[in-house]
Structure formats: C-alpha cells, structure tokens
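What follows draws every value from the coordinates through simple rules; no lab data is involved. Small disclaimer: the values here were computed from a predicted structure and weren't measured. Cβ placement follows ideal geometry from the backbone for every residue including glycine, while neighbour counts extend to all protein chains displayed.
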Amino acid sequence: MIPTTLRRIAILFGLLAASALAEDIREGDGGHPLTRAELLQRLAGADFLLLGETHDNPLHHRARAALLRDLAAPAGRIVLEQIDRGTRLDPALPLEEALERAGFQRSAWQWPLHEPVFTAARERGMPLVGGNLGRADGRRIATQGEAAVDPALAALLAEAPLPETARRELDADLVDGHCGRLPAARLPNMRLAQRARDASLALTLIEVGDAPALLIAGNGHVRRDYGVPPLLTARAPTARVVSVGFVEVTAGATPDPETLRGRYDFVWFTPPVEREDPCAGLRMP
C-alpha cells in the first residue's frame with residue numbers, strides 16, 4: 001500500500017499535470033459540447049443529481065468537488081456509495097474520524113482520493129449519509145440469489161425490470177469487470193447483487209427527502225439504462241433525475257458520443273490515470 005503522504009503527492013502531481021487540459025463536457029445524447037457554466041445551469045432544479053466517477057481517478061473527485069461548491073442550491077443530503085446504507089457521517093467530528101466511525105474502508109477506497117468531494121460537501125453544509133448495500137449482504141445475494149434480497153429492495157427491483165438491451169449491457173460490463181473470467185452460471189446472481197446495490201442507493205436517495213438529493217457513486221451506478229436512474233423513476237415518476245458520467249479518454253482523442261448514447265445525461269471527459277493491470281493475478285473464488 002502506498003503511504004498516505006506519498007499518495008497525496010501523487011494526486012497533487014496528477015492534478016497539476018492535467019490542469020492545462022481543457023474541460024470536455026458533452027450532452028450524453030448527441031455529444032453537444034457544454035461549458036462548465038452551462039453544465040451548472042442544466043443541473044439546477046434537479047430533484048436527484050447523480051455524479052459518477054472512475055474510482056481511482058483523482059481528476060473525477062476534484063471536478064465533482066468543484067461542482068458541489070458551485071451548485072446554485074446545496075444538496076439536501078449526499079448519499080455515498082462508499083458507506084453502507086443506514087449510516088451517517090457525524091458533522092461534529094473531524095472528517096477522517098467521522099468516516100472511520102461510519103465504517104469507511106480507507107484502503108478499499110484508496111483514501112484520500114475521495115477527500116476533495118467529501119470536504120467540499122462539508123464546506124457547503126451538505127450532510128453525508130451511506131447508501132450502499134453492505135458487503136456481506138452483497139456476497140449472500142451473489143451466492144444465494146433472490147432469497148437473500150431484502151424485501152424492500154426486491155419490491156423496488158420488481159417495479160423496474162431491466163429491458164433486454166440494458167440487461168445485456170450490464171452483463172457485458174460485469175463480465176468485463178471480472179476480466180472475462182466470470183463463469184456464465186454465476187452471472188445471474190452477480191447481476192442481481194449489482195441491481196440490489198442500485199436499489200439500496202435509490203431507496204436511500206428517496207428516503208432522505210430533501211431536494212436535491214445527490215449521489216456520489218461509480219459510473220455504473222449512475223447509468224440511465226441499468227443503474228439507479230430507472231429505479232428512481234419507477235418510484236418517483238415525476239422527479240427530475242440528472243446523471244453525470246465522468247469518463248476517461250486519452251488526451252487528444254475525440255470522444256465518440258454514440259458510444260455513450262443513453263448512458264448519462266451529461267458526460268465529463270478527463271484524461272485517464274496510469275494504473276497497473278487490474279486483471280494481473282486475478283483469480284475468481
């Protein structure tokens with residue numbers, strides 16, 4: 001594990017190296033370019049605002065932190081994928097102590113990568129609450145299937161069954177996320193576990209009440225085709241749900257908007273980060 005101080009230095013140098021690159025923000029359908037100011041205008045008035053991420057890209061956390069600081073109206077609550085449902089961060093405690101007490105797994109989330117966005121939320125007085133399915137619950141669903149799904153989550157999933165196209169997209173992403181080594185027999189339960197996580201996040205967003213409710217989660221969770229948005233729409237059909245994907249693209253490359261059509265309302269392109277091969281040494285249990 002990289003010591004915290006060295007990780008902070010690496011993040012700083014990564015941000016400085018990318019600071020000269022122009023922001024590339026597009027409409028999700030059609031690819032029309034937007035300025036950052038125009039994006040903020042489009043986000044205003046959302047009942048649910050979902051901000052994605054590639055977990056290990058510091059540029060995504062930095063960009064979202066800036067958005068939080070500049071939103072016209074602060075979020076009523078911010079729901080975090082990084083914390084289990086039913087927990088909250090105590091605003092009276094220092095951030096790191098509050099995270100530890102809430103069960104935040106520092107090594108799993110490569111702390112302090114998320115520090116900018118958590119700090120920005122606190123600066124604007126936005127309460128932080130957990131929304132994710134617990135790891136033990138996710139493992140039970142992945143092995144036992146429907147019998148292990150909480151009834152409240154199962155009810156929401158039944159209200160928004162996946163269309164065939166969205167199911168194929170999710171299955172392909174699950175297989176790709178497991179480096180092509182996910183056995184076909186395990187795929188249905190893995191899909192169900194992923195959807196249960198989405199349902200947990202969606203129910204938490206609905207239950208916090210105050211608008212706008214904001215989600216901080218991975219890009220897969222904020223996708224319009226198979227993530228949290230269709231579940232929110234099923235339970236709150238008149239609500240305005242807006243998702244922003246933060247997607248890596250090689251510097252100098254021209255993103256193809258057709259490859260992202262139907263996934264996000266808006267896409268914020270950033271350079272990728274250098275990372276080790278995530279598939280090296282992977283073994284399926």
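Give me the net charge for the shell around residue 34: Cβ to Cβ below 12 angstrom, other residues only, Lys and Arg +1, Asp and Glu -1. Present the calculation step by step, with values, prior to reporting the outcome.
Numbers: positive: 26, 36, 42; negative: 23, 24, 27, 38, 265.
Value of the local net charge: -2.
Using 1/(1 + (r/R0)^6) with R0 = 30 angstrom and r between the beta carbons of residue 234 and residue 35, what's the FRET efficiency to the nearest 0.05? Walk me through the numbers on the way to the answer.
Values: r = 33 Å, r/R0 = 1.10.
Given R0 = 30 Å and the Cβ-Cβ separation, E is 0.35.
By how many nm would the segment from residue 175 to residue 251 lengthen if fully extended, with 0.36 nm per residue of separation less the alpha-carbon distance? All intermediate terms of the calculation are to be shown ahead of the outcome.
Working: separation 76, 0.36 × 76 = 27.36 nm, distance 2.71 nm.
Taking 0.36 nm per residue and subtracting the Cα distance, the gain is 24.6 nm.
Sum -39500 (n - 2.57) across every DSSP H segment of at least 4 residues in the chain, then divide by the residue count to get the 222 nm mean residue ellipticity, nearest 500. Before the final figure, lay out the partial values.
Details: 10 runs with 115 residues, N = 285.
Taking each H run of at least 4 residues, the total per residue is -12500 deg cm²/dmol.
Distance in nm between label sites at residue 273 and residue 184, each 7 Å beyond Cα in the beta-carbon direction?
3.6
Where the only charges are on Cβ atoms (+1 Lys, Arg; -1 Asp, Glu), what is the dipole of the chain about its Cα centre, to the nearest 20 debye?
So the magnitude is around 460 debye.
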